Each structure stands twice: as C-alpha cells, then as structure tokens.
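The values are calculated or read from the model by the stated rules, or taken from the named source; none is laboratory data. These numbers come from a predicted model, not from an experiment. Cβ placement follows ideal geometry from the backbone for every residue including glycine, while neighbour counts extend to all protein chains displayed. SASA here: full protein model, heavy atoms, side chains in, ligands and nucleic acids out. Shrake-Rupley method; radii C 1.70, N 1.55, O 1.52, S 1.80 Å.
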Amino acid sequence: MPRVARALLPDLAPWKASADFRRLWKSGLISNFGSFLTFVALPVQLKDLTGSAAAVGAVGAVELLPLIVCGLYGGALADALDKRRLIAWTEAGQGVLSALLLLNALLPHPAVWPLYAVAALSSALVSVQRPALDSLWPRIVAHDDMPAAASLNSLRWTVGGVAGPALAGVVVAYAGLGWAYAADLLTFAVSLAYIVRIAPSPASHEASKPSLLAILEGARYAWSRKELLGTYVVDLAAMFLAMPLAVLPFLADELHADWALGLMYATLPAGAMLVSLTSGWASRVHRHGLMVVLSATGWGLAVAAAGICGNVWLVLLFLTVGGGFDMVSGIFRAAMWNQTIPDELRGRLAGIELLSYSVGPQLGQVRAGGMAAWAGVRTSVVSGGLACAGAMGLLALCLPGLMTYDARTNEHAVRMREHRAAAVPTEV
C-alpha cells in the first residue's frame, strides 16, 4: 500500500530541480486564488443587478474578441520579448482592474457597464499573459519532467479553484462583494512580488518580431501538426458544448439551494484537484491523445448527469467528476504541447492553445445562458453534456493522428528530447 500511495502522489521533480518553477508556481497559486473570488463575485453581482441569465452569459461574449485578438498577438509578443517582464506588467494591470471593480461595488448604486468593461479588459490582459506563462514553463523544466510539471501546475490552479469559490460564496453572502474584490487586489500584489524574483527570460535568437507574418508562421506550423490540431478541436468542442458555469446561479435557485452556489463553482476545480493530487500515474502514460479524447467524453457525460439530477448533492458529485475528467484532458494536452513544440515558436503556439481552451468556455457561457433562457436551465445543461459526448465520438473517428499519438515514438517529441538532452533546468 505505501508503494501504491507513492506511485499516485504527484511527481515533485520539477519543484525540486528549479527555484524559478517554485516561484512561478507560488505566484500562480496566490493569483488564481484571488481571481476565483472575482470569478464568482462578478456573475453574482450581474445576477443581482439584472436578474437575467442571458446577461450573465453575455460576459462570455464581451470577453471573446479581446481573447482572440490579444491571444494571438500575445503569443507573438511572448516569442519576441522577455517573458518574465511581460508576465509582470500584465499581472500589475490585472490588479488595477480589481481595484476598479472594488470602487464600483462601493458605490451606492453600482453600474452594470463597468462589469462588462472590466471583463473585456481582463480578458485582454490574461490573453497576453498566458502565452508568456505557457512558453516560460518549458524553459525552466526538464523535457522528461513536462507531464509532472503539467500535473503540478494543475494542482496550483485547482487549490485556488476550490478554496476561492468556496470562500467567495461565504464572503459575498455575509461580507459583501467589495470584500471579494479587495482580496483579489491583494493577491495580485503578492503574486507580483514572486514574479519579479524570477530570472529574466529573453527572446530566443531564432524568434520573429511580433507581426502578422509571425502569427501566420505559428498558424502554419500548427496546421502542419494534425495531432496538435486535434487537441485544439477536442477542447474547443468540449467547452463550447458542455460548460455550465453561466447558469449555475440559476441552477442553484431551481434546486432551492442558494447556499450551495459557492460549492457548485468549487466542484470543477475540486475534481481537478483530486486528479492532480493522485497524478503520479500520468508520467507513465504515453498515449496522450487517446487520454485527451476519453477524458473529454467523460466530461460531457458527467455534466449531463449533473443536469438530470434533482438532488443538489448528486449535482455537486457529478460536477466534481466532470472537473476531474477535464483535468486529465488538460494534463495530457499540456504534455503534448510542451514536449513537441520548438522554443522559438512556443509563444505563438501558446496563443493558439489559449484560444482552444478559452474561446470554448466563453462561447459556452453564451450557449448555456441563451439555451437556458429559451428552453430552461436543466435542458441547457443536459443537452450540452450529451452533445459533447457525441461530438467526441465523431472526432475520434476524424482524428487518427491524435488517437495514435505516442510520446515515445512521435517524431516531434523525439526531436525535442534529443535537442534538450544536455539541457539543465535553471536554478536561481
């Protein structure tokens, strides 16, 4: 039993080998914790001000254009500029936006339009920052440690995702929205203190200057890699069809369980955290593409089950299971990306990846909110989950390169492994 337990525990090799990995991990944990406070507080405030599921779902629409434009250009910036500096400036900008939400919440009559404006600006900053973050990890982690690093990064995200929404539900209900926004502002300040201690990460000598041609170069490379395209399409479809977050406040109302709203938001990251805490097995799996498709199918079925159930505890259970499946997909998608993409293209490909895992949820919010307004909340959740599971079956037939991907034999993974054979993770 002790051997079994040790085999399931997360692989800590990246944490032990790189001080910069530890700093970036801590920064992300703190920042994510605060962001999840706002993640719950903002839709609750919109619901209170408008009473409309469509208005809450519209947050995804206003975030979409900045995400697409800034995500692609942010990828080019990540390849052309110092990644550490880019991350620091965007983190500071996020803190300013939290301060604006706080000021609006403190007004006698808070306005609705600042919520949409901040959501759009925040989407732009996150879209610029994420390619820099995603392309920095492979520089500070050894090649064979990438699956372990992906698991540890997911654990960082899920700890904040569980604690943040659960605490937000209590803070919003008993202390007010202002306290949630204030706590988010504080976490950005602490996170920034960790980021500035990370070693500089200048552009690769082979990197292109940020331009439309540079973005197109990254897109051409992505198009040439059908297994990578498969990961993008699978995640985009799963999130668009089955993401239920926009309707959770209304689902809680239907179940007469307003007290459970914070727990509902916490279930997806809770399931992801359970997977992360037992992710030692991930380093021994090599058929990453197959795992991506199977876990996306499980995600859709779990969401559909949550919509069918009329008992709030069963809803929480199935949402937790769904979060676990989603994290399995995320671990193996990240491993495929980080183990096969050249450093000089990593930022631009990270920008494309950002679209694959962010556009889907944003459009999914619009779909879920619109469907709920037209056909009902439960119908929106159930139909989306079943459509997701069906779509995964079709994609499995259409994406043979993804289904047969093996990290041990894939030509791009082998080339990257050989290229980094003599590399040593940075220690500062």
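Starting from the Cα of Lys226, draw a straight line to each of the aspartates and glutamates and keep only those under 18 Å, dropping any in the same chain fewer than 8 residues away.
Cross-link targets: Glu217, Asp235, Glu353, Asp406, Glu411.
Under 14 Å from the Cβ of Ala92, count the other residues' Cβ atoms, weight Lys and Arg +1, Asp and Glu -1, and hand me the total.
Within the 14 Å Cβ shell, the charges total 0.
By how many nm would the segment from Leu103 to Ile308 grow when fully extended, if each residue of separation counts as 0.36 nm and the alpha-carbon distance is taken off?
69.8 nm
Testing the spin-label approximation: label points 7 Å from Cα along Cα→Cβ at Asp144 and Tyr221. State their distance in nm.
2.5 nm
Taking the chain as the reference, fit the longest principal axis to its C-alpha atoms, fit the long axis of helix 177-195 to the helix C-alpha atoms, and give the angle between the two in degrees, 0 to 90, nearest 10.
With both axes taken from Cα atoms, the answer is about 10 degrees.
Report, in degrees rounded to the nearest 10, the 0 to 90 angle that the Cα long axis of helix 53-80 makes with the longest principal axis of the chain.
Tilt of helix 53-80: around 20 degrees.
Once the Cα gyration tensor of the stretch 203-253 is diagonalised, what are the square roots of 5 times its eigenvalues, in whole Å and ordered largest first, as equivalent ellipsoid semi-axes?
36, 15, 8
For the chain, calculate the relative contact order in percent as a whole number, restricting contacts to Cα pairs under 8 Å that are 6 or more residues apart.
After rounding, I find 30 percent.
Give, as a single signed number, the net charge of other residues whose beta carbon lies under 10 Å from the beta carbon of Arg408, with Lys and Arg counted +1 and Asp and Glu -1.
Summing Lys and Arg as +1 and Asp and Glu as -1 gives +1.
Based solely on its DSSP helices, what 222 nm [θ] is calculated for the chain when runs of n ≥ 4 H residues each add -39,500 (n - 2.57) and the sum is averaged over all residues, nearest 500 deg cm²/dmol?
Using -39500 (n - 2.57) per qualifying helix, the result is -27000 deg cm²/dmol.
So how far apart, in nm, are the two label points at Lys209 and Arg417 if each is 7 Å from Cα heading toward Cβ?
The two pseudo-label positions are separated by 3.9 nm.
How far apart, in nm, are the 7 Å Cα→Cβ label points at Val196 and Ser52?
4.3 nm
Determine the per residue accessible area of the chain with all protein chains present and a 1.4 angstrom probe, expressed in square angstrom.
Result: 41 Å² per residue.
Assign one of three labels to the stretch 301-428, namely rounded, prolate or oblate, based on the Cα gyration tensor with a ≥ b ≥ c the square roots of its eigenvalues; rounded applies when a/c is under 1.5, prolate when it is not and a/b is larger than b/c, and oblate otherwise.
prolate
Residues in the stretch 358-381 near a label at Cys398, defined as backbone nitrogen under 17 Å from the 7 Å Cα→Cβ point?
Label zone hits: 360.
Mind ranking 212-224, 76-88, 369-381, 342-354 by how tightly packed they are, going by the mean number of other C-beta atoms within 10 angstrom, highest first?
Ranked by mean Cβ neighbours within 10 Å, highest first: 342-354, 76-88, 369-381, 212-224.
Shape verdict for the stretch 1-140, please, from the Cα gyration tensor: rounded (a/c under 1.5), prolate (a/b greater than b/c) or oblate.
Prolate shape, in that a/c is at least 1.5 and a/b is the bigger ratio.
For a quick protection proxy, order the peptides 399-406, 242-249 by their average other-Cβ count within 10 Å, most packed first.
Ranked from most to least packed, the peptides come out as 242-249, 399-406.
Starting from the Cα of Val170, move 7 Å in the Cα-to-Cβ direction to define the label point; list residues of the stretch 249-288 whose amide nitrogen is under 16 Å from there.
The answer is 259-267.
Amide H neighbours of Ala203 under 5 Å, counting only residues 5+ apart in sequence or on other chains, H built in-plane at 1.01 Å?
Placed amide hydrogens put Asp82 under 5 Å from Ala203.
How are the C-alpha pair distances of the stretch 190-334 spread across 10 Å bins, as whole percents from the shortest bin up?
That works out to 10, 29, 26, 25, 9, 2, in percent per bin.
Hey, got the dipole for the chain? About the Cα centre, +1 on K and R Cβ, -1 on D and E Cβ, debye to the nearest 20?
680 debye
Take each of the peptides 55-67, 90-102, average the number of other beta-carbon atoms within 10 Å over its residues, and list them starting from the highest.
Ranking the peptides 55-67, 90-102 by packing returns 55-67, 90-102.
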